[in-house]
Amino acid sequence: MIKRFSVKKILKYTILLLIVFLFYLFPDKQNVDINEEVFNEKSDISHDIYLMDKNGYISKTSIAINSTNKLELIEELIEILVIDGKYEDKIPNGFSPILPVDTRLIDKKIENDIAILNFNSDFLDTKQEYEEKILESVIYTVTSIDGINKVKINIDGKILDKLPKTGKYIDEILSRDFGINKQYDINHLEDISKVTIYYVNKNNNDETYYIPVTKYINSSDEKIKIIVDELASKISYESNLMSYLNYNAKLLDYSFDENELDLNFNEYLFDSSQNKKVLEEVIYSISYSIMDSYEVSKVNFYVNNKEI
């Protein structure tokens with residue numbers, strides 16, 4: 001009896017193993033297809049883009065994108081910058097594209113850290129006051145892609161080295177050194193500093209975004225000091241350019257460590273003496289401004305030599 005039961009048990013498990021083996025050899029086709037769809041499905045991710053806000057500033061905001069390949073991403077971002085483009089529904093409330101309606105990106109390639117873009121002749125078919133804004137939008141948007149630091153613009157295969165409306169000559173290879181939303185506060189021709197500072201504003205949905213402004217001022221100070229002093233200043237030439245940094249905040253000292261920058265402030269960096277927290281807008285305004293001025297990838301904040 002025991003022997004017969006054992007034989008039956010062995011036979012039962014042998015059949016089960018055979019069935020499992022057959023499933024392994026001939027998997028269900030539908031399951032394979034479902035798994036492929038899951039792994040191949042693209043999910044939206046966000047990426048920086050520089051669009052025009054309601055006050056006419058080229059501003060840093062973010063949009064949902066589908067592309068992960070760099071060349072495809074360039075094409076998608078440029079298309080979003082085109083007025084009445086096919087991605088118009090992606091543009092956040094309160095912002096607008098700036099490239100003329102019929103602008104087309106004919107060709108694109110990347111050489112080292114340079115994106116070479118070939119547009120049709122409609123690229124600068126705009127009013128004179130928008131010529132530089134178009135370049136600012138394209139330069140800052142494309143250089144927000146990892147590994148791309150410069151842009152070379154061709155029009156119908158010919159290098160763009162002069163703006164057609166203003167007649168202004170520009171470099172053949174452009175970087176963020178070109179500036180953005182430029183402001184000039186110069187009293188004399190000595191000790192002229194150029195620094196880009198990120199201010200804060202809110203869109204129609206009360207969401208925070210950042211406005212970079214390249215300032216030309218008379219100063220011999222280090223750029224980091226200029227950035228902090230400007231953001232902490234109570235004086236604002238434009239009501240649309242806000243800073244949440246307390247005007248009593250002082251940069252006590254700073255130091256570079258490879259590609260990082262340590263900033264040591266007094267206690268007025270905090271939002272208040274009670275909660276001992278630093279506003280997100282303060283962190284980002286300072287960090288974005290520094291990263292446009294120095295080759296650093298990280299900014300560390302300290303208050304009276306204690307990291308926060």
With r defined as the distance between the Cβ atoms of E307 and S272 and R0 fixed at 30 Å, what FRET efficiency is calculated, to the nearest 0.05? 0.95
Which of rounded, prolate, oblate describes the range 183-307, given a ≥ b ≥ c as roots of the alpha-carbon gyration tensor eigenvalues and a/c under 1.5 marking rounded, otherwise prolate only if a/b is larger than b/c? oblate
With no solvent and one point per C-alpha, what does the Debye sum give as log10 I(q)/I(0) for the range 141-225 at q = 0.12, 0.18, 0.23, 0.26 Å⁻¹? -0.54, -1.04, -1.18, -1.23
Extension gain from Y216 to K250, taking 0.36 nm per residue of separation minus the Cα-Cα distance: 10.0 nm
Which FRET efficiency value, to the nearest 0.05, do you get for D191 and L279 by plugging their Cβ-Cβ distance into 1/(1 + (r/R0)^6) with R0 = 35 Å? 0.65
Considering the convex hull of the alpha carbon atoms of the range 78-201, report its projected area averaged over all viewing directions, in nm², one decimal. 9.3
At 0.36 nm per residue, minus the direct Cα-Cα distance, what do S233 and R104 gain on full extension? Give it in nm, one decimal, please. 42.2 nm
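A short reminder: the numbers here are calculations on the coordinates, not readings from a lab. Owing to the predicted nature of the structure, the values given are computational and were not obtained by experimental measurement. Positions of Cβ are backbone-derived with ideal geometry, glycine not excepted, and every protein chain shown enters the neighbour counts.
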